[in-house]
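Comments concern the structure below.
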Amino acid sequence: MYNWSLEDSEKNQDMLLLTVDNSFDGMILKKEEKILSRKRKDEAGIGIRSMQQICEKYNGTSRFETAENQFEASFMIHI
């Protein structure tokens with residue numbers, strides 16, 4: 001079971017910033033600094049790929065970080 005929480009959202013002029021945290025077991029797969037899915041070897045997970053595509057579509061950026069048992073995803077898009 002996952003425990004997502006919206007940590008922050010902010011609208012500044014024509015930009016929207018979202019930061020979402022998720023707890024996880026601390027095990028992470030990476031290849032060349034990219035976070036990989038445990039279900040789809042050598043690929044990012046569906047959620048990460050979906051958010052990256054949305055950010056690209058709206059000329060935004062995405063960032064994914066981990067610390068201990070916490071996963072943080074941040075997205076900034078033009079609105």
Students often forget the sequence filter, so: which lysines lie under 28 Å Cα-Cα from Lys39 once same-chain residues fewer than 8 apart are removed?
Lys30, Lys31, Lys57
Can you give the angle from 0 to 90° between the axis of helix 46-57 and the longest principal axis of the chain, with both taken from C-alpha atoms, to the nearest 10?
30
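Sum up the charges of everything whose Cβ sits under 12 Å from the Cβ of Glu33, counting Lys and Arg as +1 and Asp and Glu as -1, but leave Glu33 out.
Details: positive: Lys30, Lys31, Lys34, Arg63; negative: Glu32, Glu65.
So the surrounding residues net to +2.
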What three numbers, in Å, describe the spread of the alpha carbons of the chain along their principal axes, ordered from the longest?
38, 23, 20
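Counting only helical runs of four or more DSSP H residues, what would the 222 nm mean residue ellipticity of the chain come to if each run contributes -39,500 (n - 2.57) and the total is spread over all its residues?
Working: 1 runs with 12 residues, N = 79.
So the helix-based figure for the chain works out to -4500 deg cm²/dmol.
All of the numbers you see were taken from the coordinates with simple rules; none came from a lab. What you see is a predicted model; the values in this text were computed from it and never measured. So basically every Cβ, Gly included, is an ideal-geometry build from the backbone, and we count neighbours across all protein chains shown.
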